[in-house]
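Below: one structure, written as structure tokens.
The values are calculated or read from the model by the stated rules, or taken from the named source; none is laboratory data. In this text the structure is predicted, and so the values were computed from the model without any measurement. Because the Cβ atoms are built from the backbone with ideal geometry, glycine has one as well, and the counts that use them run over all protein chains shown. When the accessible area is computed, the model is the full protein with side chains, heavy atoms only, and any ligands, DNA or RNA have been set aside. Shrake-Rupley method; radii C 1.70, N 1.55, O 1.52, S 1.80 Å.
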Amino acid sequence: MLFTTPTFAEEKAAEKTEQYDPKGPILEHIADSHYWHMFGEHSLPLPVILYTNKGIEVFSSHVFEHGKEEYQGNYKYALIKDKIKPVTEAGEIDTTVRVWDFSITRNVASMWMGMAILLIIFLSVKGKYKTRAGKAPKGLQSFMEPLVLFVRDEVAIPNIGHKYKKYMPLLLTMFFFILISNLLGLIPFFPGGFNLTGNIAVTIVLATITLITVNFSGNKNYWKHIFLPHIPVWLYPIMIPVEIIGIISKPFALMIRLFANITAGHIIVLSLISLIFIFNSLWMSPVSVLFVVFMDTIELLVAFLQAFIFTMLTALFIGMAVEEHHAEAH
Amino acid sequence: MELVTPEIGLVFWTTVSFLILLFILGKFAWGPILLAITERETSIETALSRAEAAKEEMARLTSENDALLKEARIERDNILREAKKMKDQIVSDAKETANKEGARLIEKARIEIDNQTAIAMAQVKDQVASLSIEIAEKILQKQFEDQSKQDALVADLLKQVKLN
């Protein structure tokens, strides 16, 4: 998170003469990238996968030289603000060509890393349960079991009730995926230094999975509550659209909450670090570091909290959808 | 605005990756892990309830033992008391019987003695009588050896009869 790209370094060089502007580096970190910064001036170039009307093409992102070079594939491409754009011979953005960018970006790569870690952890933990069947948990197993039990006993069972078993795999996967992504995102250097759960594309996918799960689990009562609520009929034209908006707005809130929390945390930490360069004084660094440590501690809490809230609300919405109505509450 | 515009590439890869992760973890991790945890929980629960039941059983047995012991003690006391009573009874009975028997024997002996005494007295009387008769006979024989004396006696006796 600290020294993300060479552009940062360039700006650092320029700061002697002009006021340092933290907006660029911060937004660059927050957004996705075709490079994964490792250390110093070195970045890991990542594969670019483009789909145009001329078909799929795959090449390494090092061809762009951090945006300095253009690349001639099926079309001529340039890296503008870390986005691959088709350009004309004159170097202008070519709006006539539609490019679908399926590149393995920094976020995709880091997501796979997180998933690989999850797989290694939980497949080995599962092995432990096989070899130590009926015995007390040990090692990694005893570290993970409380979290699994937390999701089961504090998230799934209180919100969903006796039908919780069906939803455990989804809730556990969501919880641990968000958690590991949040935690890895807090690491300020390679292989951290990304902002995965603070990316709207990731949260929109997770929220959509919640939306689909909730509505496919919805029983008669759930749909009756939306389309035939217990209110005077003349209120239906108002209430039914409101309820339908409610279907969308619940996961929408999930999407925004996770995105905003993680992004905000990263922005604050980077802003505090930027203070050193804004004040252009080494004496600022203890203050910055102090505040950053403080913020990182809070972010650690937020990482757990957001994973919990997302899973918890998903369980709550599923619970509302599968609930058997005994009495009409509304 | 760029920040809140989802990129199609990341959406695509997230969807694909998340679903694969969900599938693999769901099939190979969460299922077995949750099953193992549930199994362990039930086994612990059964073990605990069994231990509790055993404890209760133990307490029940102990109290039963105590009750039995108490009962046995009471029984023993009863038996002892009864035996003592019986012994006393027997002793007193025996004493009484012995007393009675002694008295009876003494009585019998007394009667026997009386009888023997009576018999002896009777024999003595008989003896005395026969001796007297013998003596009298001898005396009479001596006296009536002389005829005149006989006549005198008869006359004397006749005189006495007249007087009567």
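Structure data summary
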| item | result |
| --- | --- |
| Filtered residue count, the stretch A:167-211, keeping only those that are at the interface with chain B (Cβ under 9 Å from one of its Cβ atoms) and of a type in the set (Ser, Thr, Tyr) | 3 |
| Among (1) over 30 Å from A:Ile226 (Cα atoms); (2) open to solvent by 40 Å² or more (accessible area, probe 1.4 Å) - the single one A:Phe252 does not satisfy | (1) |
| Those residues of the stretch A:37-56 which are closer than 29 Å to A:Phe279 by Cα and either open to solvent by 60 Å² or more (accessible area, probe 1.4 Å) or within 14 Å of another protein chain (Cβ to nearest Cβ) (or both), in sequence order | A:Phe39, A:Glu41, A:His42 |
| Residues within the stretch B:6-41 that are open to solvent by 40 Å² or more (accessible area, probe 1.4 Å), farther than 20 Å from A:Val125 by Cα and either more than 7 Å from chain A (Cβ to nearest Cβ) or in contact with a Ser or Thr (Cβ under 7 Å, 6 or more places away or on another chain) (or both), tallied | 2 |
| Scan of the stretch A:286-304 for residues that are of a type in the set (A, V, I, L, M, F, W, C) and touching a residue at least 40 places away in the same chain (Cβ under 8 Å), ordered by number | A:Leu300, A:Val302, A:Ala303, A:Phe304 |
| The stretch A:146-163: number of residues that are without any contact (Cβ under 8 Å) to a residue 24 or more places away in the chain and open to solvent by less than 50 Å² (accessible area, probe 1.4 Å) | 2 |
| Test for A:Val293: is it surrounded by fewer than 18 Cβ atoms within 10 Å (Cβ to Cβ) and in the same structural domain as A:Phe216 (by TED's automatic domain parsing) | yes |
| Residue in the stretch A:65-74 that is within 12 Å of chain B (Cβ to nearest Cβ), in contact (Cβ under 8 Å) with a residue 24 or more places away in the chain and surrounded by 15 or more Cβ atoms within 10 Å (Cβ to Cβ) present | no |
| Filter result for A:Ile80 (open to solvent by 20 Å² or more (accessible area, probe 1.4 Å), within 14 Å of another protein chain (Cβ to nearest Cβ), of a type in the set (Val, Ile, Thr) and in contact (Cβ under 8 Å) with a residue 40 or more places away in the chain) | no |
| Count - residues of the stretch A:88-129 that are among the hydroxyl-bearing types (Ser, Thr, Tyr), farther than 16 Å from A:Tyr71 by Cα and either surrounded by fewer than 17 Cβ atoms within 10 Å (Cβ to Cβ) or at the interface with another protein chain (Cβ under 7 Å from one of its Cβ atoms) (or both) | 5 |
| Any hit, the stretch A:108-120, residues being modelled with pLDDT under 85 and among the β-branched types (Val, Ile, Thr) | no |
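Residue by residue, here is whether (1) farther than 21 Å from B:Glu7 by Cα; (2) at pLDDT 80 or above; (3) not assigned by TED's automatic domain parsing to the domain that holds A:Phe277 holds:
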{"site": "A:Lys12", "(1), (2), (3)": "yes, no, yes"}
{"site": "A:Tyr20", "(1), (2), (3)": "yes, yes, yes"}
{"site": "A:Gly24", "(1), (2), (3)": "no, yes, yes"}
{"site": "A:Ile30", "(1), (2), (3)": "no, yes, yes"}
{"site": "A:Ile56", "(1), (2), (3)": "no, yes, yes"}
{"site": "A:Glu70", "(1), (2), (3)": "yes, yes, yes"}
